[in-house]
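To start, the structure itself, in structure tokens.
The values are calculated or read from the model by the stated rules, or taken from the named source; none is laboratory data. From a predicted model like this one, the values you see are computed outputs, not experimental measurements. A quick note on method: Cβ atoms are made from the backbone with ideal geometry, for glycine too, and the neighbour counts reach across all protein chains shown.
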Amino acid sequence: MSYGTVPLTKDQENDVLNRIGYSTAQLKADVVQLRRWLNKQEHLPACRLKETDAFLSTFLTGSKGSIERSKRRIDAYYTFRGRNNIFTGRTDPSYLERALKISGAAELRRRDSTTSVVFVSLTDVDPEHFDGIDAMKAFLLYFEYKFRMGSGIQGSQIYLVDFKNYSTSHLLRLPPAELKSFIEFFHVSETGKLQNVKREN
């Protein structure tokens, strides 16, 4: 599985900001203000003190420049992550190695567009090799990586998932509790601009 991302150009980043009525100068000022607030939130994990400007920018742009909404989403993100075991056990990279062996993903974007398309599929169709928790953890790692890399200014994304090789046996390897947490993560953080998810058989 490849988790490479396609960065926007400076002009495209400005286009994204213009569409939500935000300026680069205001974003930089709000990042400073949001970091001061985050430093004081002692109920959140210590890793909050090491977050990148991109992480804060992701929440600010995802909240269309609303600092208060960004605060609520960051608090919810950390709280949710701390309470769900799908985010634990990631210090051992073996789960990622296993996920990389059975699946593939690629992100593509036209040069003149801020919308990217992410293709996801299985490369090993044997259900015995599929670990649902490994797959979900790897996908969450991809999103958390995107939160923190680059400038934090992102365009929309369309996810194109190839279900041709998925079967009931694969589905049974997705524990319901962890799958519920996986889905809820995107509602809780609300940082991405997910435009669509399409199924291809």
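Can you pull out the residues in region 83-101 that are buried (at least 18 other Cβ atoms within 10 Å of the Cβ), under 20 Å from PHE163 (Cβ atoms) and of a type outside the set (Gly, Ala, Ser)? Residues satisfying the conditions do not exist here. Considering ARG69, ARG73, the condition of being without any contact (Cβ under 8 Å) to a residue 12 or more places away in the chain, within 30 Å of TRP37 (Cβ to Cβ) and part of a helix (DSSP H, G or I) is satisfied by ARG69 alone.
Residue pairs whose Cβ atoms lie under 8 Å apart, separated by 6 or more positions or on different chains, with the first residue in region 35-48 and more than 14 Å from GLU68 (Cβ to Cβ) and modelled with pLDDT of 95 or more and the second in a loop (DSSP other than H, G, I, E, B) and of a type in the set (D, E, K, R), are ARG35/GLU51. Can you name the number of the only condition in (1) farther than 25 Å from LEU172 by Cβ; (2) out of contact with any strand residue (DSSP E or B) (no Cβ under 6 Å at 6 or more places or on another chain) that LEU140 fails? That leaves (1) as the condition not met. Annotation: of all residues in region 147-161 being out of contact with any helix residue (DSSP H, G or I) (no Cβ under 8 Å at 6 or more places or on another chain) and among the hydrophobic types (A, V, I, L, M, F, W, C), the one that is farthest from VAL118 (Cα to Cα) is VAL161. Of all residues in region 39-66, those that are assigned to a helix (DSSP H, G or I) and either aromatic (Phe, Trp, Tyr) or crowded, with 20+ Cβ neighbours inside 10 Å (or both) total 8.
If you filter region 80-121 down to residues that are more than 27 Å from PRO7 (Cβ to Cβ) and not in a helix (DSSP H, G or I), you find that the one that is farthest from the chain's Cα centre (by Cα) is ASP92.
The one condition from (1) surrounded by 15 or more Cβ atoms within 10 Å (Cβ to Cβ); (2) at pLDDT below 85; (3) not small (Gly, Ala, Ser) that PHE130 does not meet is (2). Restricting attention to region 8-26, the residues that are in a helix (DSSP H, G or I) and free of Cβ contacts under 8 Å to residues at least 40 places away in the same chain total 8.
Exactly one residue out of ILE158, ILE86 is out of contact with any Gly (no Cβ under 9 Å at 6 or more places or on another chain) and touching a residue at least 60 places away in the same chain (Cβ under 8 Å), and it is ILE86.
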